[in-house]
Structure formats: structure tokens, C-alpha cells
1. Any chance you could count how many residues in the range 31-49 are surrounded by 18 or more Cβ atoms within 10 Å (Cβ to Cβ) and under 10 Å from residue 11 (Cα atoms)?
2. If you check residue 170 against the conditions, is it out of contact with any strand residue (DSSP E or B) (no Cβ under 7 Å at 6 or more places or on another chain) and surrounded by 14 or more Cβ atoms within 10 Å (Cβ to Cβ)?
3. Working only within the range 44-69, note down all residues that are out of contact with any strand residue (DSSP E or B) (no Cβ under 6 Å at 6 or more places or on another chain) and either within 14 Å of residue 25 (Cβ to Cβ) or not assigned by TED's automatic domain parsing to the domain that holds residue 24 (or both).
4. Among the listed residues 19, 5, which satisfies the condition of being farther than 18 Å from residue 96 by Cα and more than 27 Å from the chain's Cα centre (by Cα)?
5. I'd like to check which helices (runs of 4 or more DSSP H) are fully inside the range 16-92 and have at least 1 residues that are closer than 24 Å to residue 109 by Cα and at pLDDT below 95.
6. Just a yes or no: is a residue in the range 133-150 closer than 24 Å to residue 96 by Cβ and in contact with a strand residue (DSSP E or B) (Cβ under 6 Å, 6 or more places away or on another chain)?
7. Here's a check for you: in the range 200-226, which residue that is within 23 Å of the chain's Cα centre (by Cα) and part of a loop (DSSP other than H, G, I, E, B) is modelled with the lowest pLDDT?
8. How many residues are over 17 Å from residue 86 (Cα atoms), out of contact with any strand residue (DSSP E or B) (no Cβ under 8 Å at 6 or more places or on another chain) and exposed (fewer than 14 other Cβ atoms within 10 Å of the Cβ) if we restrict to the range 103-129?
């Protein structure tokens with residue numbers, strides 16, 4: 001089970017309450033402004049303007065708790081700096097390849113850990129990743145025209161965006177190849193069926209290839225004893241079909257059949 005639900009919240013042009021002084025409050029103001037939000041530094045004024053989010057960064061703990069209670073009672077979602085127990089949401093470390101955003105969170109456990117993970121990923125992901133996303137967005141019509149069936153379209157994208165594919169996101173020249181790929185260079189892959197025989201019920205025992213299969217599958221046929229922790233590694237919109245008899249045990253030997 002994940003500890004919190006990661007969401008991207010659009011605040012462009014919207015009032016957002018930021019209370020407090022000092023470095024922490026300044027960082028929250030810059031973050032809100034970077035996302036296009038309108039910073040409001042008075043709690044009641046923000047409530048009156050219809051704000052939905054409140055960042056509270058008071059040095060005084062009692063003031064922070066009091067404002068957090070007041071904001072929450074007014075229906076706002078609240079973030080209190082360095083007080084995860086008072087937070088309705090936490091602020092991730094953000095890797096920006098607009099329009100691609102990668103948010104790394106630790107549930108308030110360690111902002112330093114999230115930062116270092118972001119810095120590692122910064123070195124891996126090319127600056128052209130945003131341009132690739134823009135080109136794919138612009139080419140949606142051509143994509144549908146070439147592969148009218150949604151399943152064929154998804155498989156074609158999976159193949160092109162996969163490691164070593166024509167549009168591999170880690171290749172800095174992929175954005176330059178989108179137009180040629182959409183124009184018909186090669187045919188989209190057909191559907192294939194693969195089987196995973198579980199070594200245990202622990203999803204960490206899956207190989208990288210099996211993880212990719214699960215993440216790409218349209219249909220998942222599984223025996224009843226397959227743990228949810230394994231099935232949760234698949235796409236949320238994949239069709240799930242239970243087959244066979246109920247089994248007990250640790251999941252070892254059970255079969256998951258995938259259409260990818």
C-alpha cells in the first residue's frame with residue numbers, strides 16, 4: 001500500500017496561501033509562483049478568495065498549528081513545513097523537463113533523500129525529453145490515423161518508447177525522429193502472449209523483463225492465489241481475468257499470462 005496518493009495540482013491563476021517568513025516560506029512562495037499561482041500571505045484573505053491550498057511556514061510551532069487548524073476547518077489542504085503529522089500533502093522534489101514533470105516524494109521522511117534522487121535522475125534524463133513529449137502531443141492525430149485501434153496504438157508506442165526503440169526517451173535525438181516514425185517507418189508490433197511463473201509472492205523477485213511485461217500488458221489472466229502486490233505492478237487500466245482454482249501458499253509456481 002502506498003502511503004499517499006501522488007497528484008499534480010494545477011494552480012495557474014489561482015490563489016494559494018503562503019504564511020510565514022524566512023527561507024522556508026520564501027521557497028514555498030517561489031514554488032507557487034513557478035507554477036503560476038497567486039501568492040496570498042493572509043489566511044483570511046486567502047480563504048475569502050477561494051484558495052484551496054495553504055503552505056504554513058511559521059517559526060513558532062503554536063502559530064503553525066493554530067493556522068493549520070483554521071485553514072483545514074475552512075476546507076483547505078494544508079502543508080506545514082517540517083511537520084508531516086500536520087500535513088494533508090507534502091511537497092516532492094521536482095525534476096522539470098516541461099511538460100514532463102517527475103515528482104519524487106518520501107512522505108515527509110527525508111527531503112534530502114528526495115533531492116539526491118532527483119539529482120541522479122537529472123543526469124540521466126536529456127533536456128530534449130520535454131520536446132519529445134510536445135512532439136507526441138502534436139502528433140496525436142497522425143498516431144490515431146496510422147493505428148486506429150487503441151490497443152495497436154499503445155503497443156506501437158510501447159515499442160517505440162522502449163529501451164533502444166525509435167523514440168527511446170533517454171536518447172536526446174528521439175524528438176527529431178517523431179515525424180519520421182509517424183509517417184510510416186516500419187509497422188507497429190502485433191499483440192503477443194507471454195507467461196510469468198512466479199518464484200514467490202514478492203514483487204521484488206520479478207525480473208526487469210517481467211516488470212516491463214506487466215507494465216505493458218492489456219490483459220492479465222492470473223490464478224486466484226497471485227498476490228495483489230504483484231498485480232499492482234501492472235497498469236491500473238489493464239483487464240484482469242481470474243483463471244483456475246484457488247491456491248494457498250507463498251505464490252511460488254503460480255502463472256500470470258499477459259497479452260502485450
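1. Of the residues in that region, 2 qualify.
2. Working: out of contact with any strand residue (DSSP E or B) (no Cβ under 7 Å at 6 or more places or on another chain): yes; surrounded by 14 or more Cβ atoms within 10 Å (Cβ to Cβ): no.
No: the conditions fail for residue 170.
3. So in the range 44-69, the residues out of contact with any strand residue (DSSP E or B) (no Cβ under 6 Å at 6 or more places or on another chain) come out as 44-45, 47-48, 50, 52, 59-63, 65-66, 69.
Those that are out of contact with any strand residue (DSSP E or B) (no Cβ under 6 Å at 6 or more places or on another chain) and either within 14 Å of residue 25 (Cβ to Cβ) or not assigned by TED's automatic domain parsing to the domain that holds residue 24 (or both): 59, 60, 63.
4. On the way: 5 fails: more than 27 Å from the chain's Cα centre (by Cα).
The match here is 19.
5. On the way: elements: 23-34, 43-48, 61-73.
Those helices (runs of 4 or more DSSP H) span 23-34, 61-73.
6. Applying the first criterion (closer than 24 Å to residue 96 by Cβ) to the range 133-150 yields 133-140.
With the extra rule that they be in contact with a strand residue (DSSP E or B) (Cβ under 6 Å, 6 or more places away or on another chain), the set shrinks to 133.
There is at least one residue in the range 133-150 that is closer than 24 Å to residue 96 by Cβ and in contact with a strand residue (DSSP E or B) (Cβ under 6 Å, 6 or more places away or on another chain).
7. Filtering first and then ranking leaves 218.
8. Number satisfying all stated conditions: 7.
The values are calculated or read from the model by the stated rules, or taken from the named source; none is laboratory data. This one's a predicted model, so the numbers in the text were calculated from it and none came from an experiment. With ideal geometry, Cβ positions are generated from the backbone for all residues, glycine too; neighbour counts draw on all protein chains shown.
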